[in-house]
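The values are calculated or read from the model by the stated rules, or taken from the named source; none is laboratory data. Small disclaimer: the values here were computed from a predicted structure and weren't measured. Ideal geometry is used to build each Cβ from the backbone, glycine not excepted, and the neighbour counts take in all protein chains shown. Just the protein is used for accessible areas: all its heavy atoms, side chains included, with ligands, DNA and RNA removed. Shrake-Rupley method; radii C 1.70, N 1.55, O 1.52, S 1.80 Å.
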Amino acid sequence: MLYTRRELGRLALTGLPTAGWLLKSDTLVAAGKPNSKWAGVQVGMNVPYNFGPTPVLTSDQILEKCIELGVSGVELRSQPVEAFLGVPANLVAPRGRRGSPPPDPAVQKANAEELRKWRVAVPMSKVKDFRRKWNDAGVRIEIVKYDGIYNFTDDELDYSFKLAKNLGARAISCEIDVAETKRVGLFADKHKIMVGYHGHASTGPAHWEEAFTYAKHNGANLDIGHFVGGQKTSPVPFLTKYHDRITHIHVKDKKFDNTNVPFGQGDTPVKEVLQTIRDNKWPIQATIEFEYAVPEGSDRMKEMAKGLEYCKNALLG
């Protein structure tokens, strides 16, 4: 019997054995698990971010989409993990809803305390169950992304690193706030896990360099598209100089005017960056972050498949 990638993803989630399959046209035949590691470079996805803000996907749905795309490594946000672990929905209000009334400060404070109590009591055995499910499906969680980490209490920061460790991640990631990287860096050194601070167009080398001085495990999530859009130059020199501090790169193509475009249409040296990582055998995940407008007649999944193929050709060329 032949299965599509989508059907294989569903089989994987049921616990049935899925090793030994390969995409042939739009069907799967015997071969192996998802594989997006080419020439020694793990190409990954920022999930569930890449799949869009709506609808909110369960961890099983996210995993199914990764399998459908053939992705074997990811940067995974913490929210679907905590949902799997049973976090009370009222404690994690959805983000970015336009037109919604501002939260009541008293309720917000009480919820933050209840969330803290829930987090520090989470059994790590259940986290390992989550990890096992993804590992069995052939998708490795290499980086765990946290939103709002600078608001975490000390015990929540301990929790965030323990969660990442038990998921099998080698790093966590978050947005960069240079002044706050000193405190987070102390916990990174304590737990001996790298933090990849993500920058946007306004983030330059000096911001990461200052963060590096605060902790041995402070690192960079270098977004090569944002770097080109903001710094108007190639990220390769920064990558080469600080490769041992770079947890992963975000792969996207941008023009010098900071416009997002499909791979191969912008000014970002995507191929050169990937080949530099390949040739130096650096353990840096190349994480595709999907942000350009979906062309008419296409969809996100088709466009991400094109991005994966572009990266594969760059690495094998």
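The table below gives the values:
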read-out	value
From the options GLY44, GLY40, residue that is over 16 Å from ASP147 (Cβ atoms), open to solvent by less than 10 Å² (accessible area, probe 1.4 Å) and either of a type outside the set (A, V, I, L, M, F, W, C) or modelled with pLDDT under 95 (or both)	GLY44
Number of the condition not met by VAL120 [criteria: (1) more than 18 Å from VAL92 (Cβ to Cβ); (2) open to solvent by 10 Å² or more (accessible area, probe 1.4 Å)]	(1)
Cβ-Cβ under 8 Å pairs, at least 6 apart or on other chains, the range 63-89 side in contact (Cβ under 8 Å) with a residue 60 or more places away in the chain, far side part of a helix (DSSP H, G or I) and among the hydroxyl-bearing types (Ser, Thr, Tyr)	ARG77/TYR49; SER78/SER160; VAL81/SER59
The range 251-269 - residue that is within 12 Å of PHE227 (Cβ to Cβ) and among the β-branched types (Val, Ile, Thr) and, of those, nearest to the chain's Cα centre (by Cα)	VAL251
Exclusive hit being modelled with pLDDT under 95, within 30 Å of ASN221 (Cβ to Cβ) and of a type in the set (Ser, Thr, Tyr), set THR18, THR14, THR4, THR54	THR54
Counted residues, the range 267-317 - those being open to solvent by less than 70 Å² (accessible area, probe 1.4 Å), touching a Lys or Arg at 6+ places or on another chain (Cβ under 9 Å) and either among the aromatic types (Phe, Trp, Tyr) or at pLDDT below 95 (or both)	3
Filtered residues of the range 117-150 (kept if touching a Lys or Arg at 6+ places or on another chain (Cβ under 8 Å) and of a type in the set (Lys, Arg))	LYS145
Any hit, the range 226-248, residues being open to solvent by 60 Å² or more (accessible area, probe 1.4 Å), among the charged types (D, E, K, R) and under 18 Å from the mean Cα position of the chain (by Cα)	no
Strands (runs of 3 or more DSSP E) fully within the range 211-317 counting 1 or more residues that are more than 30 Å from ARG183 (Cα to Cα), without any contact (Cβ under 8 Å) to a residue 12 or more places away in the chain and touching a helix residue (DSSP H, G or I) at 6+ places or on another chain (Cβ under 7 Å)	none
